[in-house]
1. Can you tell me how many residues within segment 227-285 are at positive phi and among the hydrophobic types (A, V, I, L, M, F, W, C)?
2. Cβ-Cβ below 8 Å, separation at least six or inter-chain, first residue in segment 112-125 and free of Cβ contacts under 8 Å to residues at least 24 places away in the same chain, second surrounded by 22 or more Cβ atoms within 10 Å (Cβ to Cβ): which pairs?
3. Look at ARG614 and say whether it is among the basic types (Lys, Arg) and closer than 23 Å to MET678 by Cα.
4. Could you identify the single residue in ARG83, ARG73 that is farther than 26 Å from GLN244 by Cβ, modelled with pLDDT of 90 or more, surrounded by fewer than 20 Cβ atoms within 10 Å (Cβ to Cβ) and in the same structural domain as GLN32 (by TED's automatic domain parsing)?
5. Going through segment 223-251 one residue at a time, which ones are touching a Ser or Thr at 6+ places or on another chain (Cβ under 9 Å) and not charged (D, E, K, R)?
6. Could you identify the single residue in SER258, SER277 that is touching a Leu at 6+ places or on another chain (Cβ under 7 Å), closer than 14 Å to ALA190 by Cβ and modelled with pLDDT of 85 or more?
7. Hey, can you tell me all the residues within segment 231-243 that are at pLDDT below 85 and not in a strand (DSSP E or B)?
8. Please state which of the following conditions GLN98 fails to meet, knowing it meets all the rest: (1) at pLDDT 95 or above; (2) among the polar types (S, T, N, Q); (3) crowded, with 21+ Cβ neighbours inside 10 Å.
Amino acid sequence: MNRFKTLFIGLLSSWLLLTSLSTYANDTGWKQAPEHPPVQVRLVQTGPYDSEQNVYPALLQVRLTDDWKTYWRSPGEGGIAPRLNWEDSSNLKDVNWQWPVPERFSLLGIETQGYKHEVDFPLQLTPTEGDQASIFNAKLTLPSCTTVCVLTDYQLQLPLDANMVANDQLSHEYQQAVSKVPRVASLVSAKSLTWDKASQQLEIMLNNERGWQQPAIYVDELDEAIFSQPKFTIDDQQLQVRFQVSSWNDALNLDKQSIVITAIDEGLAEELHATVSAGTLAPMQAAVPSLAWILLYAVLGGLVLNIMPCVLPVLGLKLNSLVLGERKQVRAPLLWSAFGIMLSFWLLAAFMLVLTWSGAQLGWGIQFQQPAFIGFMLLVTALFSLNLFGLFEVRLPSRLNTWLATRPGHGNGGHVLQGMFATLLATPCSAPFLGTAVAVALASSPLVLVAIFTGLGLGMALPWLLLALFPSVIRALPKPGLWMEKVKWLFGLMLLATSLWLLSLLSYTLGSGITWALAALLIVLPLWSLIRQYGARGLLFGLAGLLLLGAVAGIGAFVTQSKWVSPIKDELNWQPLDAEQIAVEVAAGKRVFVDVTADWCITCQANKVGVTLRDPVYSALQDDDIVLMRGDWTRPNSAITDYLHANQRAGIPFNQVFGPSLPQGKALEVLLTTNKVMAALDEAK
């Protein structure tokens, strides 16, 4: 009897369970293709027939394991969209497939849009006759991809139950899926849609009443157009979106075409339709980092200036003076030199402000465009150099020396001048982070400009401040002796090389005859000083030392020639920089390499010797599809200054690569590397 009772209760429970499932849920069950197990799909009716809207609510559920993904209705640059073929259905007039907000994925440089792990697609199934039985019978073709893509067909057959009892769990899942589908736009409006055929770009200006936070914008693909991942510029409620459009049709024209835009942001998912108009697009302004980041860039940019070749002679001179001086008193000179650096940057900021108010065009190192300034710097460096060679010494009257010795802080003015001098010599060098900081400073308010230049000065003065905090580093150097005279001559040679470089910058103004005469004088005077101090024997030993030094340098150069050897002469076919011509060349399928340089820019010369005039870059720049454009900023040139400002730059070197795949251009780093240049040239094809 007990066994019969137990069996009866079990059968009754099973019947009730089956009845419940058939009453509350009508689904196909999870389907999995044996040849492709990472993907499962299921179609489930989530509620009874809605007579008001004349639809059956349903969910198409997809589950993907590991890194498998499927696609949105516009899959992007690769893949195809999922599709349903439901023509074999009974009493079914329409299927409204709704698409939740997708994600963007990038693999091997290909941008796609879709879903990972799981996705529920809400379906609204409209019967032909609402009071008759309906059967949904369809073939789902679902793409799924990792590094490979697989197309799998799933047969879905589902009788639709008009009298299905509502189920809270299924209704919740359906509403949750619907909530992820973008709604018809109410907060977002399209201000303009501009198609630039020359650059193959689409710009969309969107307005959001709530303001933009972290937007994501999608555009539905057209028959012949695929829209890449966009670039954004946010200005409160207005969003500028720029898409690069790719197509197999060279005659593609989006003018007057209607497109579907999906706008996603925090707490926002809306969809709108808008019509495109033809026009010409200006270069897109780069997003400006926050002030905190800019100040960090300024400090880092100033710090890196200390290792640039322009500053090293002055730093050597400072160390020389500290070692030769009173070894117990090294902190004060370092602090005063750091103050000199800060003071010079404040003076530069004031100079920039005055020029800005006068309407002048500015940039980092522009003072080297003026022959008078170069002449002044040449005079100072030459005097410093000849003084170190012992050609002359400035001796003050004994009474004045006594008076200065009794004054507190005597001699601090010289340390301040050394710091200022180092700053002036640093300005023809552009370092990483420096360009961004200076560009923002020149485009900002006076207060921000002063703050950024203060950051630059703090960065450049940082090594001296650290040495002042830890003066034991200076005190650990060897005691002064005869060797210091030799080091003194070495620093003199460094400053002499700086003087000769400055003199070469004046050759356009002075003429070759005067330039060579002054160069000969700068070389002969140290030799004459050597004879005067040490006689012919000293001269002989000095020349022998120079020859030995030259031989060592030659051997080192020979061993490392693969790292720096370049063609003796630049035989590349450079054209003058023409911003308008760049778009024309790109539209013709050409790649354009832009080089903005100047004779006084030491970093520019280093880039030439180390990268652009060396293989493989030198050979790559001679390819038939490459157009070379050079902007020479040695002398003031408003067109080049405008070009730099349009690209958010205030200093040089500045290099850009354009091409069919980079119509807006890709700016290269200040210090070029072979790999980065070659990669940009390949990317532009």
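The values are calculated or read from the model by the stated rules, or taken from the named source; none is laboratory data. Please read all numbers here as calculations on a predicted model, not as lab measurements. Every residue, glycine among them, receives a Cβ derived from its backbone with ideal geometry; neighbour counts consider all protein chains shown.
1. 0
2. Filtered contacts from segment 112-125: no entries.
3. yes
4. Only one candidate qualifies: ARG83.
5. ALA225, ILE226, PHE227, SER228, GLN229, LEU239, GLN240, VAL241, PHE243, GLN244, VAL245, SER246
6. After applying the criteria, what remains is SER277.
7. The one that is at pLDDT below 85 and not in a strand (DSSP E or B): ASP236.
8. Unmet condition: (3).
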